[in-house]
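Participant: What follows is a single structure, and I will ask about it in a moment.
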Amino acid sequence: MTARTLTADEAEAYGRHVVQGRDLGFCQLGCGRPGQEWAHRLSRSRGGTWAPVNGLWLCSRHHVLTHREHDLSRACGWMVETGTHPSQVPALITTQVGPGWWWLDELDPTTGRPTGLFRLAEPEEIPPGMWSGTLAEALTQLHGRAVA
């Protein structure tokens, strides 16, 4: 059987479904609020797609804050530089498993194709220059005050 290419609408629907499910629909920055918005790690205007590796599921507040704080967002993998594929940058988020650095698009070892799943990044896999603190510390920086 030959695989067919998804239409743009199908790719968006699939991406949203997978990304929303990573943390059972809650904001992936761990605030406890339901997520409402897909956040592109690499914006569509810079070549970003609806692939699960390129998305975070965020509440509206955190979506706005990540766009305001570009340097922190790049250091935490919430945004990715132009010319860098999101699969090359882990993200400091929370998932159903807990907070940490996560690779967002696990590859199927038999086919080499993305599954839309995620795996915890080992400390030695975190690229140099990325955020060295915890997710809670990153959120404190993002908010400019202590996070309860």
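Participant: Just grab the label-to-label distance for Thr82 and Ser132, each label 7 Å out from Cα along the Cβ direction, in nm (one decimal).
Facilitator: Simple spin-label model gives 3.0 nm for this pair.
Participant: Leu120 to Leu24: extension gain in nm, 0.36 nm per residue of separation minus the Cα-Cα distance? Walk me through the numbers on the way to the answer.
Facilitator: Details: separation 96, 0.36 × 96 = 34.56 nm, distance 1.72 nm.
Taking 0.36 nm per residue and subtracting the Cα distance, the gain is 32.8 nm.
Participant: Please report the Cα spread of the chain along all three principal axes, rounded to whole Å, starting with the longest.
Facilitator: Largest first, the chain extends 54, 33, 29 Å along its Cα principal axes.
Participant: Which residue, Thr82, Thr110, Thr66, has the most motion in a Gaussian network model of the chain that connects Cα atoms within less than 10 Å?
Facilitator: In the Gaussian network model the winner is Thr110.
Participant: Along the charge dipole of the range 8-143, pointing to its positive end and built from +1/-1 on Cβ of Lys, Arg, Asp and Glu, which listed residue (Val97, Leu56, Pro86) has its Cα farthest out?
Facilitator: The listed residue farthest towards the positive side: Leu56.
Participant: Shifting gears a bit: What size of dipole, in debye to the nearest 20, comes out for the range 8-143 about its Cα centre when the only charges are +1 on Lys and Arg C-beta atoms and -1 on Asp and Glu C-beta atoms?
Facilitator: So the dipole magnitude of the range 8-143 works out to roughly 340 debye.
Participant: Which FRET efficiency value, to the nearest 0.05, do you get for Val97 and Asp9 by plugging their Cβ-Cβ distance into 1/(1 + (r/R0)^6) with R0 = 35 Å?
Facilitator: So, using R0 = 35 Å, E works out to roughly 0.70.
Participant: Moving on to the next point. Excluding Gly47 itself, calculate the net charge of residues whose Cβ lies under 14 Å from the Cβ of Gly47, where each Lys or Arg counts +1 and each Asp or Glu counts -1.
Facilitator: So the environment of Gly47 carries a net charge of +2.
Participant: If you rank Arg46, Arg68, Arg74, Arg119 by fewest surrounding Cβ atoms within 10 Å, what's the result?
Facilitator: Placing the least packed residue first, the sequence is Arg68, Arg46, Arg119, Arg74.
Participant: Just to be sure I understand: with springs between alpha-carbon atoms less than 10 Å apart, which residue in Thr49, Thr95, Thr134 has the highest mean-square fluctuation in the Gaussian network model of the chain?
Facilitator: In this elastic network of the chain, the residue with the biggest mean-square fluctuation among Thr49, Thr95, Thr134 is Thr134.
Participant: Set the Förster distance to 41 Å, then compute FRET efficiency between Thr110 and Arg44 from the Cβ-Cβ distance, nearest 0.05.
Facilitator: 0.85
Participant: Now, a different point. What is the sum of charges, Lys and Arg at +1 and Asp and Glu at -1, for the other residues whose Cβ falls under 10 Å from the Cβ of Gln96? If you can, show how the numbers build up before the last one.
Facilitator: On the way: positive: Arg22; negative: Asp23.
Surrounding charge for Gln96 is 0.
Every read-out reported here was derived from the displayed coordinates using simple, explicitly stated rules and does not represent laboratory data. Nothing here was measured: the structure is a model prediction, and the numbers come from that model. Note that each Cβ is placed from the backbone with ideal geometry, even for glycine, and that neighbours are counted across all protein chains shown.
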